[in-house]
Every structure is written in structure tokens, then in C-alpha cells.
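The values are calculated or read from the model by the stated rules, or taken from the named source; none is laboratory data. Just so we're clear, the structure is a prediction, and the values are computed from it rather than from any experiment. Note that each Cβ is placed from the backbone with ideal geometry, even for glycine, and that neighbours are counted across all protein chains shown. Note: areas computed on protein heavy atoms with side chains; ligands, DNA, RNA excluded. Shrake-Rupley method; radii C 1.70, N 1.55, O 1.52, S 1.80 Å.
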Amino acid sequence: MGRDPFRTHGPRLVADEQRSELPVQVDVLIVGSGPVGATFARSLSELSPRAQVLMVEAGPLLGDPVGRHVRNIADLVERENMTRLSEGPGAPVASSRMARHFDSTTTDVVAAPGTFFVDPELAAVGRESTLSAAAMSTNVGGMGAHWAGATPDPRGRERIPFIEAGQWDDMLRVGRRLLATNPDPLAWSPEWGVFLERARAEFDPGLPLDGGLRDMPLAYQRSAEGQPYWTGVDVILGALAREPRDTFSLASRSLCSRLHVSGGKVTGAEISHLPSGQIRTVEARSIIVAADSLRTPQLLWASGIRPAALGRYLNDHVMVGGWFTPEYLDEPAEPDDLFPQTRTQNNLTETASTNVGWAPYSDEVHPLHGQFSLTTRPSDGGGTEGLAMVAYMLPKEPREEDRVWFSSDHSDPYGMPAVRFDYGSTDKDRALLLRAQAMIERAAGAQGARGISTVTQPNGMSLHYLGTTRMGEVDDGRSVCDSSSRVWGLENLYIGGNGVIPTALSSNPTLLSVSLASRAARAVARDLAAG
Ligand SMILES: Cc1cc2nc3c(=O)[nH]c(=O)nc-3n(C[C@H](O)[C@H](O)[C@H](O)COP(=O)(O)OP(=O)(O)OC[C@H]3O[C@@H](n4cnc5c(N)ncnc54)[C@H](O)[C@@H]3O)c2cc1C
């Protein structure tokens, strides 16, 4: 395969760019270019450097470098355009309003920037018996071009019991390296010191020794000038995103619409070039589907691969948060002005004076994941104004009946079977929500807050959907793949993403998904070596 003559760096771009043809035969086909697909690509470039790898992505490129995080785009108009490009084929539904985060009376629901609702009408209605606010991103880099970079370790029962205890440290170390996770505080201010001290005095006495409140590890590197460079897929791909290699091609705006199965393996994949509608079949020795927790099972279902557990045990983090001004800060007249270049709480970390903290999960004492932040700036009166946010993400009790399923009669905007949900909370889930709300009140009280706004986000707002293609120790009908992410019964089909996580995780899942993908890549490399 020849090099693209127009490009001097980065992977060969095929299909969408129309500069060269989609290869029809490769060693490995990766469906999806988010952090998990990128982890497979990067790991295979190290483990099987001669393997020909093709990555196909339904969404567009967001400029150079390939897979960059939009927060790294200094030009705000370009950043906005790239964000919109990720928001799918329908009308843009994300909003620039911050209001709902500060005003509990606001009832409208907006998708996070860079994402679009699976079903905008359902999101507006917000029924509890479904995952009404489920959303996705469609672009090179996936949600990894928009994420907030929180990368806490999974702990206790969040860890997958059939992956040996001795493997976890190494596995997570690899994940942290790929994501460039940074344990250092994002910024420092005297007010953050006061905030942490008061929060610790309130909560730490009840927590296990290694479970106290601390700064959140975030996925970014710091430039020589001190600016954060946020981890997108370009960072995960490493040299693959910057150097020309004949072994790695990327096809954007190219949807994998079907896998062909024969004789216990996947023999080919139909790739549809979305702008032209042209369809090609690509043959590969190994196929990896890393197309997020909703679209990985969608592709399997559309291909007739329908193990009993497909789409089931869906687990979304209910998110509940409170916003308030601590007594040692001035109340901001216009909260939105504190975040001039940002649109949701997920972007708070961009502001230089924002600190992000973490209250780790622990099985018995603190069975939920806490995140908090403090954003400050000098006020007109010569003091410091600011807002604190305390939020909890709650693990859901896993149930077989909570599921994503796919319509035989309706299609999504890409022509794939439409996504539907059956979903509900249990008494245990509701009890945990009450507990989290009480903890937010306590946290605000510890900071001497004058008034607090709390919001319980609708189901699906977390963007962390777990369990839909869960891994298992044995093929007993309750899992879709083995602990190496190989789909049961299909020797060359691997899957990745938050959907493979089988536990009731409450921490942000990307570190774990990326770590599991790097582990699974070793199994793919072994297959390739075995011929
Ligand atoms: C605003 C925001 C903040 C977040 N903050 C955090 C955080 O702080 N910490 C954390 O851990 N996580 C966070 N997340 C979630 C995190 O981004 C995801 O966990 C992560 O991106 C999942 O990676 P992935 O590769 O599995 O899927 P994705 O990043 O979703 O990528 C999947 C890709 O597959 C493509 N695709 C789907 N179907 C097909 C098909 N049939 N053919 C071709 N391509 C297809 C999609 O277009 C998409 O680009 C956040 C997400 C957002 C949007």
C-alpha cells in the first residue's frame, strides 16, 4: 500500500479523504476510533508491529493531529465547529447554556458538548423507566475528544473478580501510561486548601486509611508554559498519530454496518462510506469492535451475533450534584461568567483556577464515587468569588432486565437498528441516591454554604454505560465475551469499551476500559503470531 502523497505525518487516511482506497484485506480491523479502539491500535503497533491495521470510524476527522481533544484547540470558533461536528447527523441539540447546573428549577435537558442524544424526544420527556438521556459522540476520537479526563482507580468490588489480583497493578499502570494520567493537582489556590481541609475533617474520619479525599488524577500533560494538554486519542495513539506508517490506516465517515460470520469466525465486515453510500467488504484475520457500549452490541445484533446477555445488565451511573458558594468566598453574580469558554461542568477543569477532587469508592464505608471541584476568580470587590460542586456517581444494582435492545422495524440515522432501552432503578439504587443527597448537604454544611442547588441528572447523563457486552469467566449465558474480550464462540472477534465491564463500577470507567483493551490486545497479538 502506498503512502498518501498529500500527508507528511500521521496515519494514512483512506475512504473519507478519497485520497486512497479502503484496503480490502488487512490483519486487524478495528471498528471505532475512541480511546478503546485507539488502545488496541497502539498496543498492536507495539506487540505486532508488522500487522496491517485498519481502523474505521463512522464520524468525521476533527483536524490535526488525528484524534485530538477539542479543549486543546485554542481558536474558540474552530473548537466550537469541531465540537458540533461530533454531534451526529441530526440537528445539533447540545446547548451552550450552563443554567441547568446552577438552577434546580430548570427542567430542560441538554446533551454534553460533543455528544448527541440517542433519542432527543425521549430526553426531553425524561422517563425514569428508560435511559432517557443516553448520548453518544460520532467523530474520530469518539468521546475521547470531549471527555473530562477523570481517571480514578477502580477499587474493591469494582474490580473484576476473575482477573487475578496480581494483574491489576500492571494493567492499570499501562492504562495510566496510555492516557497520560496525571496525579498532580491541576491548580493550587489557598481556597482549595481550605476546601480540602474542611471536607476532610467532615468525611475522612469515616473512610478507610487509603480512601481519604484527594486530588483527582486527570488525563493531561503540562506544556513547558504550564498549559494543560488534554488527553485525546492522539495521545493514546502516540507515534501512530504523528508518524507515517504503512501498517496503520484510518477511514473516517466509514460505518461498519455488518460482520459476516461463518464457521465460528468473522470472515469479513461491510464498510459503508457514508458520504457516497459505497459499500465494501473488508477481510481481516482479527476483528475488534470498540464502538461504544450502545453501538458495539448494535453491530453484533445487526450481524446476527446475539448471545443471550447481549445488551443486558446495563448499568448507568446516576449522577447527583450540588452547587454552592462556600462561606469564605464571594457569591458570583453570574455563575456562567466563571466559565467563559466552557459549556458544562465537564469542562470546568479547563479553567486555571479550578481544582478537581475525588472521594474514592470503598465497598462498605463509601460505596459510591465522589467528585468535587472549586472554581475561583478575583471578584470586583477585591475578594475572591467562586462556586463549589460536590457530585456523586452511583453504582447501579446489576439486573438482567436492564438492557439496550434493537428494533427490527426502525433504523437510527445511520441505517442501523434503532436503539431502545428497558431500564429502571431498584430500592437499593433509590436508597443510595438518598444517601448521596444527604452527603451533599453535609459537604455544603462543612463549607458553610449559603444556599445549595442540587440536581439529580436523568438516567443516561453519566455517559458511562456499562455491562452491555460484559465479560465473564465462563460461557454461562450471562456474559458476551471472555476475560480477554473475545466473544464467546467466535474465535477472531474481540470487543472493547465500557460495555465489557461486568461489575457495579461507580468510578469513571475509561481507565478500566483502556486497561482491559491493552490486556485484550495481547490475546489478539497471540492469535496473529499463531498465524
Ligand atoms: C463530556 C464528557 C466527559 C467525560 N468525562 C469522563 C471522565 O472524566 N472520565 C471517564 O472515565 N470518562 C469520561 N467520559 C466518557 C469517556 O469519554 C468514554 O468512557 C470513552 O470515550 C469510551 O471510549 P470508547 O472508545 O469505548 O468509546 P467512544 O469514545 O464512544 O468511541 C466509540 C467510537 O465508535 C464509533 N462507532 C460507533 N459505531 C460504529 C460503527 N458501526 N462503525 C464505525 N464506527 C462506529 C463512534 O462514532 C465513536 O467515535 C466522558 C465523556 C464525555 C462526552
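When you scan the range 72-89, do you find a residue that is at negative phi, more than 15 Å from the ligand (Cβ to nearest atom), at pLDDT below 90 and charged (D, E, K, R), even just one?
So far as the range 72-89 goes, yes, one or more of its residues are at negative phi, more than 15 Å from the ligand (Cβ to nearest atom), at pLDDT below 90 and charged (D, E, K, R).
For a quick check of your reading of the model, give me the residue pairs whose first member lies in the range 513-524 and is without any contact (Cβ under 8 Å) to a residue 60 or more places away in the chain, whose second is open to solvent by less than 10 Å² (accessible area, probe 1.4 Å) and within 12 Å of the ligand (Cβ to nearest atom), with beta-carbon atoms closer than 9 Å and at least 6 apart or on different chains.
523/485
Has the range 469-492 got any residue that is among the aliphatic types (A, V, I, L, M), in a strand (DSSP E or B), more than 13 Å from the ligand (Cβ to nearest atom) and under 29 Å from residue 123 (Cβ atoms)?
No, that holds for no residue.
If I filter the range 120-131 for residues that are within 12 Å of the ligand (Cβ to nearest atom) and either in a loop (DSSP other than H, G, I, E, B) or in contact with a helix residue (DSSP H, G or I) (Cβ under 8 Å, 6 or more places away or on another chain) (or both), do I get at least one hit?
Taking every residue of the range 120-131 in turn, none turns out to be within 12 Å of the ligand (Cβ to nearest atom) and either in a loop (DSSP other than H, G, I, E, B) or in contact with a helix residue (DSSP H, G or I) (Cβ under 8 Å, 6 or more places away or on another chain) (or both).
Among the residues of the range 155-190, which ones are open to solvent by less than 60 Å² (accessible area, probe 1.4 Å), in a loop (DSSP other than H, G, I, E, B) and within 25 Å of residue 143 (Cα to Cα)?
Listed by number, the residues that qualify are 155, 160, 180, 185, 186, 187.
State which residue is nearest to the ligand (Cβ to nearest atom) when the search covers only the range 493-519 and only residues that are hydroxyl-bearing (Ser, Thr, Tyr) and outside any loop (DSSP other than H, G, I, E, B).
510
Please tell me if residue 381 is more than 27 Å from the chain's Cα centre (by Cα) and surrounded by fewer than 19 Cβ atoms within 10 Å (Cβ to Cβ).
Answer is yes for this residue.
Can you confirm whether the range 233-244 contains a residue that is of a type in the set (Asp, Glu), at pLDDT 95 or above and within 29 Å of residue 508 (Cβ to Cβ)?
Filtering the range 233-244 down to residues of a type in the set (Asp, Glu) leaves 234, 243.
Subset that is at pLDDT 95 or above: 234.
Then keep just the ones that are within 29 Å of residue 508 (Cβ to Cβ); that gives 234.
Among the residues of the range 233-244, at least one is of a type in the set (Asp, Glu), at pLDDT 95 or above and within 29 Å of residue 508 (Cβ to Cβ), which makes the answer yes.
What pairs can you find where one residue is in the range 158-169 and within 19 Å of residue 508 (Cβ to Cβ), the other is of a type in the set (Phe, Trp, Tyr) and in a helix (DSSP H, G or I), and their Cβ atoms are less than 7 Å apart, with a gap of 6+ or different chains?
Going by the 7 Å Cβ cut-off, the qualifying pairs are 159/168.
Output the residues belonging to the range 309-328 that are open to solvent by 20 Å² or more (accessible area, probe 1.4 Å), charged (D, E, K, R) and either assigned to a helix (DSSP H, G or I) or within 30 Å of residue 503 (Cα to Cα) (or both).
312
Checking residue 402 against (1) open to solvent by less than 50 Å² (accessible area, probe 1.4 Å); (2) more than 16 Å from the ligand (Cβ to nearest atom); (3) at pLDDT below 95; (4) under 22 Å from residue 463 (Cα atoms), which single condition isn't satisfied?
Unmet condition: (3).
Just to confirm my filter: which helices (runs of 4 or more DSSP H) fall fully inside the range 226-308 and include at least 1 residues that are touching a Leu at 6+ places or on another chain (Cβ under 7 Å) and closer than 25 Å to residue 406 by Cα?
Fully inside the range 226-308 and qualifying: 292-302.
Please tell me if residue 184 is touching a residue at least 40 places away in the same chain (Cβ under 8 Å) and touching a strand residue (DSSP E or B) at 6+ places or on another chain (Cβ under 8 Å).
The answer is no for residue 184.
So residue 391 fits all but one of (1) modelled with pLDDT under 95; (2) of a type in the set (A, V, I, L, M, F, W, C); (3) open to solvent by 10 Å² or more (accessible area, probe 1.4 Å); what number is the exception?
Here residue 391 meets the rest and fails (1).
Among (1) under 30 Å from residue 355 (Cα atoms); (2) open to solvent by 20 Å² or more (accessible area, probe 1.4 Å); (3) in contact with an Asp or Glu (Cβ under 9 Å, 6 or more places away or on another chain), which single condition is residue 397 missing?
(1)
Can you pull out every residue in the range 33-52 that is open to solvent by 10 Å² or more (accessible area, probe 1.4 Å) and under 24 Å from residue 274 (Cα atoms)?
Matches in the range 33-52: 34, 35, 36, 52.
Of all the residues that make up the range 138-150, how many are within 6 Å of the ligand (Cβ to nearest atom), in a loop (DSSP other than H, G, I, E, B) and either open to solvent by 10 Å² or more (accessible area, probe 1.4 Å) or of a type in the set (Val, Ile, Thr) (or both)?
Result for the range 138-150: 4.
Which one of the conditions (1) open to solvent by less than 10 Å² (accessible area, probe 1.4 Å); (2) free of Cβ contacts under 8 Å to residues at least 40 places away in the same chain does residue 263 fail to meet, given that it meets all the rest?
Among (1) open to solvent by less than 10 Å² (accessible area, probe 1.4 Å); (2) free of Cβ contacts under 8 Å to residues at least 40 places away in the same chain, the lone unmet condition for residue 263 is (1).
Please determine whether any residue of the range 101-114 is within 12 Å of the ligand (Cβ to nearest atom), of a type in the set (Gly, Ala, Ser), at pLDDT 95 or above and under 20 Å from the mean Cα position of the chain (by Cα).
No: zero hits.
Is there a residue in the range 182-195 that is of a type in the set (D, E, K, R) and under 16 Å from residue 389 (Cα atoms)? Don't jump to the end; show me each part of the working.
Step one: filter the range 182-195 for residues of a type in the set (D, E, K, R), giving 184, 191.
If we keep only those that are under 16 Å from residue 389 (Cα atoms) too, we end up with 191.
Yes, the range 182-195 has at least one match.
Quickly run through the range 224-248 and pick out the residues that are open to solvent by less than 60 Å² (accessible area, probe 1.4 Å) and away from the ligand (no atom under 14 Å from the Cβ).
Hits for the range 224-248 are 226, 238, 239, 240, 241, 247, 248.
Go through the range 461-500 and count every residue that is out of contact with any His (no Cβ under 7 Å at 6 or more places or on another chain) and open to solvent by 20 Å² or more (accessible area, probe 1.4 Å).
16
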